[in-house]
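Bear in mind that the values in this text are calculations on the coordinates, not laboratory data. Given the structure is predicted, the values throughout are model-derived calculations rather than measurements. Cβ coordinates were reconstructed from backbone atoms using ideal geometry, including for glycine residues, and neighbour counts include every protein chain displayed.
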Amino acid sequence: MITCMNNTQIADVINRVADLLEIKGTNPFRLRAYRNVVRTLRDLPESAEAILADPQRDLTDIKGIGKDLAEKIATIAATGTLPLLEELLQEIPESVLSILRIPGLGPKKAAVLYNDLKITTLDQLQAACEAHQVAELKGFGEKTEQTILAGIPLAARAEQRIYWAKADEIAQVLLEHLRNCKSLQQIEVAGSYRRGRETIGDLDLLVVSDDHDEVMDRLADFDAVEQTIGRGDTKMSIRLAGGLQVDLRVVPAESFGAALQYFTGSKDHNVILRGMAKSRGLKINEWGVFRVAEGKDGANGGDNEYIAGRTEEEVYAAIDLPYFPPEIREARQEFEWAELGMLPELIELGDIRGDLHMHTTASDGRASTLEMIAAARQRGLTYIAITDHSKRVSMANGLDGERLLEQWAEIDEINAGLKNFTVLKGVEVDILEKGGLDIADDVLARADWIVASVHYGQRQSSEQITGRIVEAIRNPHVSAIAHPTGRIINRRERYEVDLEAVMRAAVEHGKLLELNANPARLDLDDVHCAAAKRHAIPVVINTDAHSIAGLDVMRHGIQQARRAGLTKADVANTRSWKQMRKLIGR
DNA sequence: GCCGTTTTCGGCCCGACTGTTTTCAGTCG
């Protein structure tokens, strides 16, 4: 039997196995090996199936994949499942996993609930708590029962991750609120927010202050606080009205860098870092880097000698490492890069010179061409492409050939009056359901820049949609493929594409791939960026702006590109339009 | 279950906070 399992699907099977093993109480290191391989597969910029199919290559060459897990991956790729998973499901019903989503309830307690009370669902758990059966269990009590009851509605909600942009809004208001503290010396938001992940699970605030109570009281005073989850000497956790958790840590100035490093993560990056420190007789924790005293295990740093911690640079330097930008601290390749002295100089927002995907009032945008030009110049760009929808996208008032030619004539006039700025005649041409484009080639030939994208027929098979996109790539007038991954976060619509086939075609025909920075549709994420880099395909980072403010999302795209390790050279629109034109052969 | 310039065994990051304990396990990040 031949099934078609992508990396994410294979990873999901292994992750389910890990979840069930965790409740069973397996060796925690075995569990970590499973979790690591889940992450490795999700981050892998090429398909595991392709590696399996290649007799020259072996999955065990990938760090974290040994003989056993390589076999398991091969089994999942071939059959879609794993005998081990089926066995585990005989023992433990999968619904038990829903219990793990309750804050403060982990695998050990879930196992007790299942073994002693046969609880497998949130409803059964609620009934057991209300009947006070849970408080009677060993290791549980009144307080735990109440915590569980309060946590059941939270678990019932879907996983709470919010867009980075939304987290940013909340973070800015929170920072403003806390800056009023007299004792506040430094404040920073760490965690996945600082690493620039697309979505954020919680906010980690880090503060230097000599009056812990003032800062914690101030946080408790924040308008949107719904619940204080915990509060100790140095650490406090709250939940905001929308469900977002905020963790606050107060540290002394000499520990700020160590704490910032520590709470920025990622967890896996820190595991490697600490292991490296340990092998050098050092110890890193959130308080600093310490030389471990002779004959001591130094559990609380008692006699250990503090050697660094005021800044992150200091922490990394203490173990002979360069400073890692937060976006690449994901335990992917950053430590290998550092060892080889090949840490990439990541692209920055200021490197972007043009934005090649935006809409105006001619189709579904909210600003005119002139307004978009003014806004783009204000943001330091030297060229933009106007890429309104084409006629097939009638809902967006898409333009037919005639209206396009009129728009382009206007653009010619505008350009004649512009200095040091170029407006490109473009279109976001629709890739039709039956293949082909909805604007005639003789019209397309008169454009400067054409992005092609799929809007309709998204329910077709992956083969069909891939075929349509590859055909568009072969059209000599098309410059780039927009939305190449069919990826839309948090929405039901998305189309499946064989991205490897798309990339091979892009390489063959010298076409570019677009990364759309719009946070609702970051459709070429860091993993896909890394794949594009592996194929040496230039990425174009655009905003797909429908308004002036829409241009500001560019930095989201930059964050994703940075997370993939892209440099200025990997991104096409860091070039001038003149250089770009050479790249796309116009 | 993975890994190795301490390589086929014996390690595997580290601390804060909570609740149930009578010295610590569980959970979280």
Quick check: pseudo-label points 7 Å beyond the Cα along Cα→Cβ at A:Y306 and A:A165, how many nm apart are they? 4.2 nm
Based on other C-beta atoms within 10 Å, arrange A:F324, A:F29 from fewest to most. A:F29, A:F324
For the ranges A:364-374, A:429-439, A:535-545, what's the packing order if you count other beta-carbon atoms within 10 Å of each residue, average per peptide, and put the highest first? A:535-545, A:429-439, A:364-374
Please give the net charge around A:V429, taking every other residue with its beta carbon less than 11 angstrom from that of A:V429, where Lys and Arg add +1 and Asp and Glu add -1. -3
Counting other beta carbons within 10 Å of each Cβ, put A:C181, A:C529, A:C129 in order, fewest first. A:C181, A:C129, A:C529
What FRET efficiency, computed as 1/(1 + (r/R0)^6) with R0 = 60 Å and r the Cβ-Cβ distance, is obtained for A:Y456 and A:N180, rounded to the nearest 0.05? 0.70
Determine, for each peptide in A:408-417, A:470-479, the mean count of other beta carbons within 10 angstrom over its residues, then list the peptides with the highest first. A:470-479, A:408-417
Subtracting the Cα-Cα distance from 0.36 nm times the residue separation, let me have the gained length for A:K118 to A:A409 in nm, one decimal. 97.4 nm
Full extension from A:E402 to A:R379: what is 0.36 nm times the residue separation minus their Cα-Cα distance, to one decimal in nm? 5.1 nm
Helix A:164-178 against the longest principal axis of chain A: what's the angle in degrees, Cα atoms only, rounded to the nearest 10? 60 degrees
Quick one: angle between helix A:67-79 and the longest Cα principal axis of chain A, in degrees between 0 and 90, rounded to 10, please. 50 degrees
Hey, got the Cα dimensions of chain A along the principal axes, in Å, largest first? 77, 63, 50
DSSP beta bridge pairing in the range A:409-524, given as percent antiparallel to the nearest 5: 10 percent
The range A:529-586 to the range A:12-54: how many Å between their Cα centroids? 32 Å
In sequence order, calculated HN-Hα J values of the range A:553-569 (Karplus, 6.51, -1.76, 1.60; Hz; x Gly/Pro): 6, 3, 5, 5, x, 4, 4, 5, 4, 4, 4, 8, x, 6, 9, 3, 5
Hits in the range A:166-202: amide N under 15 Å from the 7 Å Cα→Cβ extension of A:A520, namely A:166
One finds, for A:S576 and A:D320 with R0 = 30 angstrom and r their Cβ-Cβ distance, a FRET efficiency to the nearest 0.05 of 0.15
Which cross-chain or sequence-distant (5 or more) residues have an amide H under 5 Å from the amide H of A:I386, H modelled 1.01 Å from N in plane? A:L424, A:G426
Under the 7 Å Cα-to-Cβ spin-label approximation, A:D61 and A:K568 lie apart by a distance in nanometres of 3.3 nm
Mind checking which of A:L100, A:T228, A:N542 is farthest towards the positive end of chain A's charge dipole, using Cβ charges of +1 (Lys, Arg) and -1 (Asp, Glu) about the Cα centre? A:N542
Say the dipole of the range A:58-122 comes from +1 at the beta carbon of Lys and Arg and -1 at that of Asp and Glu; which of A:A110, A:I76, A:L89 then lies farthest toward its positive end? A:A110
Under a point spin-label approximation (7 Å from Cα along Cα-to-Cβ), what is the A:A50-A:T234 distance to one decimal in nm? 4.6 nm
Length gained when the stretch A:F29-A:K138 is fully extended (0.36 nm per residue, less Cα-Cα span): 36.6 nm
Kindly state, to the nearest 0.05, the FRET efficiency for A:L340 paired with A:A549, given R0 = 45 Å and r defined as their beta-carbon distance. 0.60
Mean Cβ neighbour count within 10 Å, used as a protection proxy, ranking A:58-65, A:502-509, A:339-346 highest first: A:502-509, A:58-65, A:339-346
Helix A:142-156 versus the longest principal axis of chain A: what is the Cα-based angle in degrees, 0 to 90, to the nearest 10? 10 degrees
